[in-house]
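In what follows, a single structure is set out as structure tokens and then discussed.
The values are calculated or read from the model by the stated rules, or taken from the named source; none is laboratory data. Just so it is clear, the structure is predicted and the values come from calculations on it, not from any experiment. A quick note on method: Cβ atoms are made from the backbone with ideal geometry, for glycine too, and the neighbour counts reach across all protein chains shown. For accessibility, only protein heavy atoms count, side chains too; no ligands or nucleic acids. Shrake-Rupley method; radii C 1.70, N 1.55, O 1.52, S 1.80 Å.
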Amino acid sequence: MSALRKLLAVEDGTDVLSVNRGGVWLGIRLQITAGQPAVTPLTLNERETAQFIAARAKLGAAYRTINREGASSCR
């Protein structure tokens, strides 16, 4: 309800929208002003930045694998 109130421009503020994917919560932080959302990434320290970069590379590799394996079955 909090995000909906902000998106309807009833109030301004920050909300995190997230989804549980296989036991891991993935989310995005939004600053919503006058009903307009803007992504506001978290500030990461050096260790968190390195972990994020490694996770992004793994996710990219997984997507490329899925696309290669699924390409023939999607045609």
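Legend: residues Glu46, Glu69, Glu11, sorted from most to least accessible area (1.4 Å probe; ligands, DNA and RNA excluded), read Glu46, Glu69, Glu11. Calculated mean residue ellipticity at 222 nm for the chain: -14000 deg cm²/dmol, from DSSP H runs with n ≥ 4 weighted as -39500 (n - 2.57), summed, divided by the residue count and rounded to 500. In the chain, the convex hull through the Cα atoms has an average projected area of 7.5 nm², a quarter of its surface area.
Compute the relative contact order of the chain as a whole-number percentage, counting only Cα pairs closer than 8 Å that sit 6 or more residues apart in sequence. Walk me through the intermediate numbers first.
Values: 73 pairs, mean separation 15.8, N = 75.
Once divided by the residue count of the chain, the mean separation gives 21 percent.
Which sequence of Ile66, Ile32 reflects their accessible areas, 1.4 Å probe, from the largest down? Working shown, then result.
On the way: Ile66 105, Ile32 0 Å².
Result of the area sort, largest leading: Ile66, Ile32.
A crude spin-label estimate for the pair Arg5 and Ala34, with each label 7 Å from Cα along the Cβ direction, gives 2.1 nm.
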